[in-house]
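Trainee: Sharing a structure with you now.
Derivation of every value follows stated rules applied to the coordinates shown; laboratory data play no part. Keep in mind it's a predicted model, so treat the numbers as computed, not measured. Methodologically, a virtual Cβ is constructed for each residue, glycine included, from the backbone with ideal geometry; neighbour enumeration extends over all protein chains shown.
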Amino acid sequence: MKIDINYIARVEGESSVKLEIEGGKLKELRLNIWEPPRFFEGFLVGRKFDEVPDIVARICGICPVSHMTTAIRAMENAFGFKPSTEVKKIRKILALSQILSSHLAHLYIFALPDFFKLNSVVEMLPRYEKEIKRFLRLKDAANSITSLFGGRALHPVSMVVGGFTKLPSKADTEKAAKELESLHEDALETLKMASELKCPALENDAEFVALTGKGEYAINGGIISSTKGLNIKEHEYPSYFIEDEVPYSNAKRTVIKDRGSLMAGALARINLGFDNLLPDAKKASEDIGFKGGGNPFLNNLAQAVEIVHAFQECAILLRGLTLKEYFADFKVREGVGSALTEAPRGMLYHYYEIDRSGIITKANIVTPTAHNFLNLEESLKKLVTENIDKPEDELILMCEMLVRAYDPCFSCSVH
Amino acid sequence: MGCSYFFAYVHKHVPEVLASFDFVFIKMLSRKGIPDGPFDIALVEGTITEAWQADELKIIRGQSKKLFAIGSCAVIGGIPAIKATAPELEVEKRVYKNLSSIHSIKPHAVDAYVKVDGYIRGCPPAERDLYEALTSVLTGRKPDFPQHSVCIECKLKGNLCVLIADNMPCMGPVTNAGCGALCPSMNRACYSCFGPMKQANGPALAKKFKAMGISRDDIIRKFTEFGADTIEFRKAVEMVYED
């Protein structure tokens with residue numbers, strides 16, 4: 001029996017899952033990411049370093065801040081420039097606001113309808129009006145933080161190499177902090193809701209990989225750590241991670257050299273950075289008996305924990321801003337620069353070679369979904385094998401739910 | 001690439017929109033599958049980069065009373081159109097070793113293939129223009145989209161001109177309004193993410209940039225970041241090459 005799941009809705013981008021069952025056994029399964037390529041790495045060559053953040057922002061309509069920040073950090077590394085503490089704080093605020101936007105949309109719009117046996121969030125009205133209203137409140141607050149600093153919530157314009165072009169006033173940042181603090185209960189409710197979603201059991205022996213920091217829930221840079229003992233610096237990335245083309249997919253696939261597949265994203269961050277969560281988020285998570293785990297479906301819950309954490313850390317960072325030293329001049333020089341950040345969906349890598357007039361001569365971008373590609377495929381195989389007797393409809397929905405739980409961005413993965 | 005996700009950003013008017021429209025197809029929102037036409041409105045996002053997309057677009061056009069292009073990719077070709085500023089095979093080779101399964105065609109805006117009833121410009125698209133498109137259909141009138149330049153928005157806001165006063169290479173004079181003069185208001189030059197205003201005088205601005213001491217290649221890059229596939233900006237690039 002051949003099953004072709006060629007309509008995978010409620011994810012970003014285009015993909016299909018093709019599988020073949022023979023004699024009660026899974027014979028073959030392929031995740032085909034057929035999102036048409038746009039060739040960002042190809043046409044970035046010849047562009048100037050200061051255009052790159054605005055260009056790479058357009059890789060994604062969900063995580064532009066991540067692509068911009070990663071590119072900016074890579075350029076700064078190439079130029080040997082170190083941004084001020086204030087700039088780092090603001091970049092983290094923006095990153096957290098985007099993690100919030102992305103996780104909220106994923107949990108409420110992409111993932112949730114499955115658990116209510118509905119096709120879409122629109123069908124959740126009017127019965128789940130309370131949940132939708134909560135989502136809109138939280139999403140609005142997250143968007144307003146991105147636009148407070150970036151000028152607009154999508155494709156912000158103030159982020160440049162060296163810092164920011166303009167900052168809001170102290171009165172505005174204080175007001176924003178207050179607004180975020182007032183949403184703590186809504187964030188906790190979201191976590192409660194996520195903890196009540198019944199997920200299929202699924203073992204997963206993946207190597208979870210995320211950036212970690214000392215005493216900090218790492219987002220923009222850190223040590224590349226894994227649950228199987230990886231512990232390396234950002235610039236060592238290319239010696240450990242191998243990206244390769246896949247004949248049936250437009251997205252490339254990344255593995256850890258001599259080890260195999262990996263899983264990045266919220267669950268990886270929780271598995272590796274649980275102790276660095278803010279006390280309230282940690283406690284709320286422990287209260288529902290969650291401290292991480294292997295089942296990829298737990299990624300939904302991990303995102304909910306991060307929502308509680310991110311609202312709070314954003315508010316703390318906002319309160320601590322001086323709003324001074326937000327830009328410093330730098331010298332353009334020939335060089336090579338790379339950087340990693342934790343995008344909402346996991347570890348994101350940018351690499352650039354730059355000539356002495358600041359023109360890009362080589363670019364490489366590896367997105368969270370490229371990191372997760374092989375593991376998602378392996379998880380799908382396991383899920384189908386363990387549920388092989390289920391009716392076709394049910395099996396298809398389970399596969400889709402698993403794809404959605406990974407929160408892939410297929411557009412990003414092809415780019 | 002996220003223009004349908006843009007609905008998650010304009011949710012302030014979601015109840016009103018839902019009261020007036022049935023969303024029959026947004027893959028990002030619903031698992032319902034692909035419906036049969038006819039449709040009252042089609043909002044088309046994205047640059048056309050593979051032949052099957054053009055085929056599908058023509059089918060959608062045939063089934064839709066009104067078709068709007070939404071977002072700079074669909075309206076003007078946008079960022080993906082940068083690809084065609086270099087020999088395309090060369091660009092593709094930089095990304096893939098094996099090109100046998102890559103079927104990309106020259107990137108174009110939606111109106112290279114079908115008639116378009118209106119343009120919701122911008123990257124991200126202007127919220128106001130999206131509502132304007134929807135309400136124009138509801139009320140049966142022609143949509144009223146801004147057709148002036150970003151300069152006018154700066155004047156209305158009382159911004160100091162970053163081109164004249166700060167010597168920044170601002171694309172505002174040739175860029176279609178709709179963003180509310182966002183970049184100049186944030187102390188930086190407009191980079192034309194809304195694309196050219198209709199009949200903008202690209203060559204005149206390119207000359208101004210040259211007089212400001214900006215290099216030929218930098219001027220070309222300004223006009224090819226978002227507008228590589230537009231006549232207005234191509235004219236500026238040609239002028240710079242001939243000069």
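Trainee: Which values, in whole Å and largest first, are the semi-axes of the equivalent ellipsoid of the range B:5-139 obtained as the square root of 5 times each eigenvalue of the Cα gyration tensor?
Mentor: Working: eigenvalues 175, 53, 42 Å².
Equivalent-ellipsoid dimensions as semi-axes: 30, 16, 14 Å.
Trainee: On to the next question. Less than 20 Å from a label point 7 Å out along the Cα-to-Cβ axis of A:Ile388: which backbone N atoms in the range A:1-41 qualify, by residue?
Mentor: So the set is A:1-5, A:17-31.
Trainee: Determine the calculated [θ] at 222 nm for chain A from helices alone, applying -39500 (n - 2.57) to every DSSP H run no shorter than 4 residues and normalising by the residue count; nearest 500 deg cm²/dmol. It would help to have the intermediate numbers written out before the result.
Mentor: Working: 15 runs with 176 residues, N = 415.
After summing the helix terms and dividing by residue count, I get -13000 deg cm²/dmol.
Trainee: Quick one: the Cα spread of the range A:321-415 along its three principal axes, in angstroms, biggest first?
Mentor: So the extents along the principal axes, rounded to whole Å, are 63, 37, 17.
Trainee: Shifting gears a bit: Net charge around B:Ile231, counting only other residues with Cβ within less than 14 Å of its Cβ (Lys, Arg = +1; Asp, Glu = -1)? Kindly include the intermediate steps, with their values, before the conclusion.
Mentor: Working: positive: B:Lys198, B:Arg234, B:Lys235; negative: B:Asp111, B:Asp229, B:Glu232, B:Glu238.
Neighbourhood net charge equals -1.
Trainee: For the range B:206-243, list residues with backbone N below 12 Å from a point placed 7 Å from the Cα of A:Ser357 toward its Cβ?
Mentor: Taking a point 7 Å out along Cα→Cβ of A:Ser357, the residues of the range B:206-243 whose backbone N falls under 12 Å are B:214-221.
Trainee: Work the Kirkwood hydrodynamic radius out for the range B:20-83: mean of 1/r over every pair of different alpha-carbon atoms, inverted, in Å.
Mentor: So the Kirkwood estimate lands at 12.8 Å.
Trainee: Report the per residue volume, in Å³, of the convex hull enclosing the C-alpha atoms of the range B:150-242.
Mentor: Dividing the Cα hull volume of the range B:150-242 by its residues yields 81 Å³.
Trainee: Residue-wise, which Karplus ³J(HN,Hα) couplings in Hz belong to the range A:370-387, taking 6.51 cos²θ - 1.76 cosθ + 1.60, θ = phi - 60°, and x for glycine or proline?
Mentor: Going residue by residue, I get 5, 5, 8, 3, 5, 5, 4, 4, 5, 5, 4, 4, 5, 4, 5, 4, 6, 10 Hz, with x marking Gly and Pro.
Trainee: Have a look at B:Ser136, B:Ser192, B:Ser101 and tell me which one the Gaussian network model of chain B (Cα, springs below 10 Å) gives the largest fluctuation.
Mentor: B:Ser101
Trainee: Classify the range A:40-414 from the C-alpha gyration tensor, please: rounded if a/c falls under 1.5, else prolate or oblate depending on whether a/b exceeds b/c.
Mentor: The shape class here is oblate.
Trainee: Cα-Cα over 23 Å: which of A:Lys331/B:Lys93; A:Lys48/B:Lys210; B:Lys93/B:Lys207; A:Lys27/A:Lys198?
Mentor: A:Lys331/B:Lys93; B:Lys93/B:Lys207; A:Lys27/A:Lys198
Trainee: Given the C-alpha atoms of the range A:105-220, compute the convex hull and give its volume per residue in Å³.
Mentor: 183 Å³
Trainee: For a footprinting-style exposure proxy, rank A:Arg127, A:Arg38, B:Arg61 by other Cβ within 10 Å, fewest first.
Mentor: Ranking A:Arg127, A:Arg38, B:Arg61 by Cβ neighbours within 10 Å, fewest first, gives A:Arg127, B:Arg61, A:Arg38.
Trainee: Shifting gears a bit: Please report the relative contact order for the range B:150-242, taking Cα pairs under 8 Å with a sequence separation of at least 6, and give it as a percent rounded to a whole number.
Mentor: Working: 140 pairs, mean separation 23.2, N = 93.
Dividing the mean separation by the residue count of the range B:150-242 yields 25 percent.
Trainee: I need the calculated FRET efficiency for the pair A:Lys192 and A:Lys331, taking r as the beta carbon distance and R₀ as 51 Å, to the nearest 0.05.
Mentor: Working: r = 51 Å, r/R0 = 1.01.
E(calc), rounded to 0.05, equals 0.50.
Trainee: Next question. Send over the Kirkwood Rh of the range A:1-157, from the inverse of the averaged 1/r over different Cα pairs, rounded to one decimal Å.
Mentor: 18.7 Å
Trainee: Note down the net charge around A:Thr69, summing +1 for each Lys or Arg and -1 for each Asp or Glu among other residues with Cβ under 14 Å from its Cβ. Numbers along the way, then the final one.
Mentor: On the way: positive: A:Arg73, A:Lys88, A:Lys89, A:Arg91, A:Lys92; negative: A:Asp54, A:Glu76, A:Glu234, A:Glu342.
Surrounding charge for A:Thr69 is +1.
Trainee: How big, on average over all directions, is the shadow cast by the Cα convex hull of the protein assembly as shown, in nm²?
Mentor: 27.4 nm²
Trainee: A further question follows. Counting only DSSP beta bridges with both residues in chain B, what percent are antiparallel, rounded to the nearest 5?
Mentor: 35 percent
Trainee: Then there is this: Hey, any idea what Rg/Rh is for chain B, computing Rh the Kirkwood way over Cα pairs?
Mentor: Looking at chain B, the ratio lands at 0.99.
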